[in-house]
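What follows is a single structure, written as structure tokens, with notes after it.
The values are calculated or read from the model by the stated rules, or taken from the named source; none is laboratory data. As the structure is a prediction and not an experimental result, all values here were calculated from the model. Here Cβ is always computed from backbone atoms with ideal geometry, including for glycine, and neighbour counts include all displayed protein chains. SASA here: full protein model, heavy atoms, side chains in, ligands and nucleic acids out. Shrake-Rupley method; radii C 1.70, N 1.55, O 1.52, S 1.80 Å.
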Amino acid sequence: MATDVMIEAESLSKRFGNVRALDGISFQVKKGEVVGFLGPNGAGKSTTMRILTCFLAPTGGTARVNGIDVFEDPLAVRGAIGYLPQRAPLYTDMGVLEYLKFVAEIRGLDAPVFRKNLGKVIDVCGLAQVLNANIGTLSHGYRQRVGLGQALLHDPQILILDEPTADLDPNEKAEVIRHIQQIGEDRTVLLSTHNLSEVEQACARAIIVSKGKVVADGQLEEIRSRTGSVRYVVGVDEKASEPSFKELEASLGGLKGVKRVSALPQEDSAQLVELAGDQDSDLRADIFRLAVDKGWTLLELHRESQSLDAVFRDLTQGDEALDRGRKTEASAPSKKQSSAEPEKSSDSSNEEQS
Ligand code: ADP
């Protein structure tokens, strides 16, 4: 393994009874990268992260963090990473500072190191105002920030964050993402989410998983370009003298670079159509000139460059339905934990199957 590879999954597979949660997942994350681990619910994100953080044994394949096999030396791996599970492992009856001291003790940090790191954690996670508050009284957003704090307390170079913004309101999400951006400036981060805009804000690269497999892995620009088309929305005045959809379809469809024309629901007095244009095209001037030639009253014209959203939908179609089917089939117990319950180091016995 190259020395700058900090996280490596190689052909990871995992079965829970009849459920194939992971089906040969492989990827690498290099030093300093902030990578979005994207996929719909049930795609296998948490299972992968739980393997990487030594909470779960894979059925097959290997995982290495900081060059160390997760099951050869789990203690060394846990020392090298900070992990924030989907629900932060918090004790709701503790104060924030009391809890961070408790985490430091478990981590075996001595007092001077704790004091030094605590200052950074308070700063990066924005915890100054709530240090003496009881965790149980905090909003979800603040609880996640305390969760981030516990993950950072031993100053790990690698962070594994499992849907850290799930269940947060939009303001809280933005705040937590802002903290993650700051954390990512000098660390390696694997951030799982099904929220594309968070990936666009915080990450340069994404790995998209679907049905337990990696379906895309690359820089966001590269992944976006996979749509292969650019979307245009054109709106013309729908008054009687204006063209019918058939005319619009024939004329716009005749422009060089237009692959498809389809009708959109009418809005106000505008008849809207959607065009799929060639990748990297910009047909706005051609569309405008056509409207002038034809005497159409153009009410709307915009171009949407390739969106991550479109690629994501294409690549992960049908995933959630499959997840529901998988759960029914296996009568799987929920693995999600209550916010008051720290994550345990072993899993329920029905999970493992070789
Ligand atoms: P994601 O994090 O992408 O939502 P998960 O890794 O949680 O996906 O789940 C992947 C699949 O494995 C799902 O079908 C899920 O129901 C199943 N699964 C996850 N954990 C367990 C478990 N402890 N027992 C049984 N099935 C599980």
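Here are some notes:
- Evaluating G17 against the criteria (1) within 16 Å of the ligand (Cβ to nearest atom); (2) over 23 Å from G184 (Cβ atoms); (3) buried (at least 16 other Cβ atoms within 10 Å of the Cβ) leaves one unmet condition, (3).
- Test: residue in segment 64-81 that is within 24 Å of Q144 (Cα to Cα) and within 13 Å of the ligand (Cβ to nearest atom): no
- Restricting Q306, Q317, Q271 to those that are more than 10 Å from the ligand (Cβ to nearest atom) and at pLDDT 80 or above reduces the list to Q271.
- Filter result for T59 (within 16 Å of the ligand (Cβ to nearest atom), touching a Ser or Thr at 6+ places or on another chain (Cβ under 6 Å) and either open to solvent by less than 10 Å² (accessible area, probe 1.4 Å) or in contact (Cβ under 8 Å) with a residue 40 or more places away in the chain (or both)): yes
- Residues in segment 191-236 that are farther than 28 Å from H302 by Cα and among the basic types (K, R): K211, K213.
- Residue tally, condition aliphatic (A, V, I, L, M), within 19 Å of Y142 (Cα to Cα) and open to solvent by 40 Å² or more (accessible area, probe 1.4 Å), over segment 81-110: 1
- Among the conditions (1) open to solvent by 50 Å² or more (accessible area, probe 1.4 Å); (2) in contact (Cβ under 8 Å) with a residue 40 or more places away in the chain, A250 misses just one, which is (2).
- Selection from segment 39-56 of residues that are more than 9 Å from the ligand (Cβ to nearest atom) and aliphatic (A, V, I, L, M): I51, L52
- In segment 52-71, the condition of being among the hydroxyl-bearing types (S, T, Y) and under 20 Å from the mean Cα position of the chain (by Cα) is met by at least one residue.
- You will find that of G24, G39, the residue that is at pLDDT below 95 and touching a Lys or Arg at 6+ places or on another chain (Cβ under 7 Å) is G39 and no other.
- With respect to the stated conditions, L109 is assigned to a loop (DSSP other than H, G, I, E, B), within 17 Å of Q157 (Cα to Cα) and without any contact (Cβ under 8 Å) to a residue 60 or more places away in the chain.
- Any hit, segment 245-253, residues being of a type in the set (S, T, N, Q) and closer than 20 Å to L298 by Cβ: yes
- Residues in segment 274-297 that are open to solvent by less than 50 Å² (accessible area, probe 1.4 Å) and farther than 24 Å from S225 by Cβ: L290, A291, W296.
- Cross-chain or 6+ apart pairs with Cβ under 9 Å, segment 257-276 first and farther than 15 Å from E247 by Cβ, then aromatic (F, W, Y) and open to solvent by less than 40 Å² (accessible area, probe 1.4 Å): E274/Y232; A276/Y232
- Among the candidates Q144, Q182, Q157, residue that is under 29 Å from G218 (Cβ atoms), touching a Lys or Arg at 6+ places or on another chain (Cβ under 8 Å) and away from the ligand (no atom under 16 Å from the Cβ): Q157
- Only one of V70, V96 that is of a type outside the set (G, A, S) and in contact with a Ser or Thr (Cβ under 9 Å, 6 or more places away or on another chain): V70
- Test for S262: is it open to solvent by less than 80 Å² (accessible area, probe 1.4 Å), closer than 30 Å to N41 by Cα and either more than 16 Å from the ligand (Cβ to nearest atom) or at pLDDT 90 or above (or both): no
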